[in-house]
Structure formats: C-alpha cells, structure tokens
Amino acid sequence: MFNNKTVFITGASRGIGKAIALRLAKEGANIIIAAKSTEENPKLGGTIYSAAAEIEAAGGKALAVQTDIRYEEQIIAAVAKGVEAFGGIDIVINNASAIQLTNTEQTDTKRFDLIHSINVRGTFLVTKHCIPYLKKSANAHILTLSPPLNLHPKWLGAHVAYTISKYNMSMLALGWAEEFKEHSIASNTLWPRTTIATAAVKNLLGGQALIDRSRTTDIIADAAFHILGKPSAMCTGNNFIDEDVLRTEGVTDFSGYAVVPGANLQVDLFL
C-alpha cells in the first residue's frame, strides 16, 4: 500500500512524527524528514539523522533535510530535495508544532509570533509547496496533527493564543479538503483521545507523572496508517480522533497502547 510512496513529514526527528514515519517505513515508504534537529538535545532526544537511520532499519528509505518551517526558502529546498531523491510526493504530514499554554498576559509577543509562524504559517507553506506534486499522485493525502474544532469558551479561555493556532491548523485542513476535492487530494486532521508520551508532554505539561497516564505514540501512528491507506476521494474533510479511527478498523482493546498498563489515562486537553 505504501511501498515506494513518498511521505513529507515535518518535525519527524522524534515523537509522533517519527512514530508515523516508522509505521509507514515498515510498509516500504520513502520518508522525507523535514525537521530542525541536527544535534541531540538531551531533554528531547533524536535528530533528523538518527530518525533516518531508524526509518531505514524499519524497511523504508529516508532523506534527512534540516528544515525550519518558519522559513519559506527552507521549505522550498526540502521539497525540491525530496522530489529529486524520490520522484514526487504522495503524502504530506503537518506534524511540526510549537506549544504555549499561557494566558493572554503571560504570553510574550515573541512566543505568540513563534507558535503562529510554525503552527499556522508553516503548515500553510509546507502544504502549498507540496500541492503541485500531490496533484500528480494516485492517492494523495494531507494529514494535519490538530484538534477537532470546538468553540466552547473553556477551550479558548485557558490559553487562547495556542488554541487559535491549533484551530487554525484544523481550519486549513478542512479548507484544503474542499479546495482540492476536484484533484482527489484528501485532507484530514488527527488528534489523540489521551495525552501521548512525548518529550513535550514530559518537559512542558506534567513530567513523568503525566507520561505514566499517557499512551504511546504507536496509537497515533496506527491511526495515521489507516487514514492514509484510504482512497483519497472517499476520505477527506474529517477531524479524526485516534481511538475512533482504530475502533472503525475493529480494534476493541487499547490496553497495549498505555505507557503504564491499567493506568487511569489523562484525556487530552482539547477533548
């Protein structure tokens, strides 16, 4: 299904992005790793090169391209290098994202600009520059890691700057589903039911205690695998939740995804 398909993934040096890359690599996909890390940060772990080595070991082909999606010229260069290496792009996964869970008074202007330049502008530009190649694919997909739209005030009140940046990603995805319908390019979002055990969750949200109440990145990777395997004309314009995707595929036991078996899992902050 994914053999020789080419996947452009932002932020794939670690965490959810790398997990999706590895899942698709097992099926023979070519992975363009567009991320910033070329030197290991002990708190975060992983570089584009270590991710590439894991992808190759898993059975895929990898191209590591240092890319900061705040800079359009770096996006254009990464897309060009990926197309040169693999001949095209079939799937775009907008995974790179900056988090900032502060209220209005505590949100510095620089942080506001950062989360919007990565989450919104970066997602838009990555997709924009991949579209010419997606149009040529037999089963093109855009998958954006962002939450379902819910305008209940409680989601907006706690950390409005971050929330609107993630909702903008979801609105972009829904807009692309409509815009590219005639080209049979699917566009969907994917978000976890529970917190996911990543460096961001550990370092920024709740430490090891929250990690112990989370699921592994495998659940997102498995859900992405099923979404991206669908015919693009038949599967577009959805705000998917990982657990719901897997239920429709017949999965009933999710215990294997828990970091700590039997733990009381933490529902994700947008759900």
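The values are calculated or read from the model by the stated rules, or taken from the named source; none is laboratory data. Predicted model, so just to flag it, every value in this text is computed and none were measured. Note: ideal-geometry Cβ built from the backbone for every residue, glycine included; neighbour counts use all protein chains shown.
Give the number of residues within segment 37-68 that are in contact with a Lys or Arg (Cβ under 8 Å, 6 or more places away or on another chain) and not in a helix (DSSP H, G or I).
Within segment 37-68, residues that are in contact with a Lys or Arg (Cβ under 8 Å, 6 or more places away or on another chain) and not in a helix (DSSP H, G or I) number 11.
Somewhere in segment 135-147, is a residue of a type in the set (A, V, I, L, M, F, W, C) and farther than 18 Å from LEU228 by Cα?
Checked against the condition, which is being of a type in the set (A, V, I, L, M, F, W, C) and farther than 18 Å from LEU228 by Cα, segment 135-147 yields no hits at all.
Identify, please: which residue in segment 121-143 is of a type in the set (Ser, Thr, Tyr) and in a helix (DSSP H, G or I) and is, among those, surrounded by the most Cβ atoms within 10 Å (Cβ to Cβ)?
My answer is THR123.
Could you say which residue among ASP218, ASP268 is under 27 Å from SER13 (Cβ atoms), among the charged types (D, E, K, R), modelled with pLDDT under 95 and surrounded by 15 or more Cβ atoms within 10 Å (Cβ to Cβ)?
ASP268
Give segment 109-120 a look and list any residue that's in contact with a helix residue (DSSP H, G or I) (Cβ under 9 Å, 6 or more places away or on another chain) and either in a loop (DSSP other than H, G, I, E, B) or farther than 24 Å from THR217 by Cβ (or both), or say none.
Residues satisfying the conditions are ARG111, PHE112, HIS116.
What is the residue count in segment 227-243 for residues that are within 15 Å of the chain's Cα centre (by Cα), closer than 14 Å to PHE254 by Cβ and part of a helix (DSSP H, G or I)?
Within segment 227-243, residues that are within 15 Å of the chain's Cα centre (by Cα), closer than 14 Å to PHE254 by Cβ and part of a helix (DSSP H, G or I) number 1.
So for segment 144-154 (the condition being touching a residue at least 24 places away in the same chain (Cβ under 8 Å) and part of a helix (DSSP H, G or I)), does at least one residue qualify?
no
What are the residues in segment 1-18 that are modelled with pLDDT of 95 or more and part of a helix (DSSP H, G or I), if any?
ILE16, GLY17, LYS18
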